[in-house]
Amino acid sequence: MMHNGSFWFDSLGPDDVGLVPESMPSQVDVAIIGGGYTGLWSAYYLSEHRPDLKIAILEAEVFGFGASGRNGGWCMGTSHDVEALLSRASTHATGLRLAQAMQATVDEIARVADQEQIDCDLTKGGSLTVATNRFQVGQLQASLKHLHHIGFSSSDYRWLDASESRARVGTANNFGALFTPHCAAIHPARLARGLAYRLQARGVHCLESTRVSRYTSGLVETNQGAIRADTILRATEGFTPSIEGLKRAVLPIYSMMVATEPLPASVWDEIGLAQRETFGDSRRVVIYGQRTADDRIAFGGRGGYYFGSKIKPVIPGNDPGFEMIAQTLRDLFPVLMDYEVTHRWGGPLGVNRHWRPTVTFDPKTGIGSAGGYVGEGVAASNLAARILVDLVLDQDSEILSLPWVDDHAKNWEVEPVRFLGARLLQHAAERADACEAELGRPAPVWGGLFDRFVD
Ligand SMILES: Cc1cc2nc3c(=O)[nH]c(=O)nc-3n(C[C@H](O)[C@H](O)[C@H](O)COP(=O)(O)OP(=O)(O)OC[C@H]3O[C@@H](n4cnc5c(N)ncnc54)[C@H](O)[C@@H]3O)c2cc1C
């Protein structure tokens, strides 16, 4: 099987013996491009509502090869745009609906995993944003105040003082934490692959090694030949620039991860995470971690952007970025100095020009798409797929009033502007984090520049 380099692909269940190879039908009702969560969930709900539809998922590599099979496994009950929507009076009501829909989505994923008996190690232990320096205490407490001000309650977000926080997670520096229960830790690849197996068993055509080069209304062209389809849904998120005509549609930003060897009970006594809470801190160069079901730490951070939106399907294990991530992990938990990092991987996630997820469908052409979750797509892709399915089937539903619907984004700038812009933002984030940690006060120039673009 084509390997995406991740620990997750190395630890697929023993029943993951490979999908049954299929030949491509010449005509279907719905062709879905991309076999990650967005494509898989779209096929799942389409086939739930309309078992009579002939559906094919066209995946260039293997199911779960992309971000869905290599992410941090944070199944978050929020999305990148929620806070911005809630912060403006004109969009507050919409923001609340989106926040509630995202919280419910974590339970929806747990429901389906349970119903379909997909063993993806899902544990809803919540999430900790730890203050790992004194500056972050003020930052996180202000953030909590803001979250309560814009409509969340203390059952959504609450402050843990230093001793409560340390009892949850033993980072070297821990001055308190912001806790939310709306997050589950999952084994991401088992969820993606499990869905693919269930869909194939239902009669959805699950086609691997089928790379789409281009598509127009009614017709998809692939390396295996052409396929006619009334409806064509693109679900390629960070990989989108590799399709003809879509080079500037989505910015592929890379995120990189490492995983440790399984850690003994004595180490876990020190680190904690007894509920498998996901954890990070409030730095702008995001970090994220989880305790895996087999007692490793899987931990990641932002990688960057390659000139010309270049797609690197697999990141070589000797990329220097991995050592920086491993070092950040050891800084958080010095006890890990004595333990090996066994896995290193990364991959692209997708960012739309307006930094918000979108779900689009044009009934005239029969073409739709969903994606652009800005690194928060594990749960958001499920909600996006349900919206996409309601649009395709022309079903009236509450989620169609959410702000992602037909919220088209402009193309990204031409090079070298894209590259310089991405580099500048990365530099701004690094400088702001460093200044704030060292000086203990806000970095208005670099922080302001970064926040203005990203938020
Ligand atoms: C390292 C990393 C860590 C992350 N951590 C988290 C996290 O902890 N929590 C969170 O919420 N989000 C996280 N994300 C983001 C999240 O994983 C993604 O937003 C989400 O998985 C996107 O799903 P998708 O199905 O839209 O895209 P993908 O999963 O990327 O699927 C796209 C698929 O399309 C296929 N494809 C590409 N080109 C073609 C083509 N031409 N023809 C056919 N098929 C094609 C690819 O092979 C791929 O399988 C992370 C992302 C990365 C990379």
Flag if Leu86 is of a type outside the set (Ser, Thr, Tyr), outside any loop (DSSP other than H, G, I, E, B) and either touching a Lys or Arg at 6+ places or on another chain (Cβ under 6 Å) or farther than 30 Å from Ile32 by Cα (or both): yes
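Residues are listed down the side, and each one gets a yes or a no for (1) more than 11 Å from the ligand (Cβ to nearest atom); (2) of a type outside the set (S, T, N, Q); (3) at positive phi; (4) more than 18 Å from the chain's Cα centre (by Cα):
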| residue | (1), (2), (3), (4) |
| --- | --- |
| Leu178 | yes, yes, no, yes |
| Ala185 | no, yes, no, no |
| Leu199 | yes, yes, no, yes |
| Tyr215 | no, yes, no, yes |
Top-ranked residue in segment 262-284 [being of a type in the set (Asp, Glu) and surrounded by 15 or more Cβ atoms within 10 Å (Cβ to Cβ); ranked as nearest to Phe453 (Cα to Cα)]: Asp281
Residue, farthest from the ligand (Cβ to nearest atom), within segment 285-323, restricted to residues that are over 27 Å from Met2 (Cβ atoms) and either crowded, with 21+ Cβ neighbours inside 10 Å or modelled with pLDDT of 95 or more (or both): Asp295
Arg330 vs. criteria among the basic types (Lys, Arg), closer than 25 Å to Gly377 by Cβ, modelled with pLDDT of 95 or more and away from the ligand (no atom under 11 Å from the Cβ): no
Matching residues, segment 208-221, being surrounded by fewer than 23 Cβ atoms within 10 Å (Cβ to Cβ) and among the aliphatic types (A, V, I, L, M): Leu219
Residue match in segment 107-114 (condition: within 12 Å of the ligand (Cβ to nearest atom), within 19 Å of the chain's Cα centre (by Cα) and at pLDDT 95 or above): yes
Cross-chain or 6+ apart pairs with Cβ under 6 Å, segment 53-68 first and closer than 9 Å to Gly34 by Cα and in contact (Cβ under 8 Å) with a residue 12 or more places away in the chain, then within 6 Å of the ligand (Cβ to nearest atom) and in a loop (DSSP other than H, G, I, E, B): Ile57/Gly35; Glu59/Gly35; Ala60/Arg211; Phe63/Gly35; Gly66/Gly36
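The values are calculated or read from the model by the stated rules, or taken from the named source; none is laboratory data. If you're wondering where the values come from, they're calculated on a predicted model, not measured in any experiment. Counting neighbours? That spans all protein chains shown, and the Cβs are built from the backbone with ideal geometry, glycine included.
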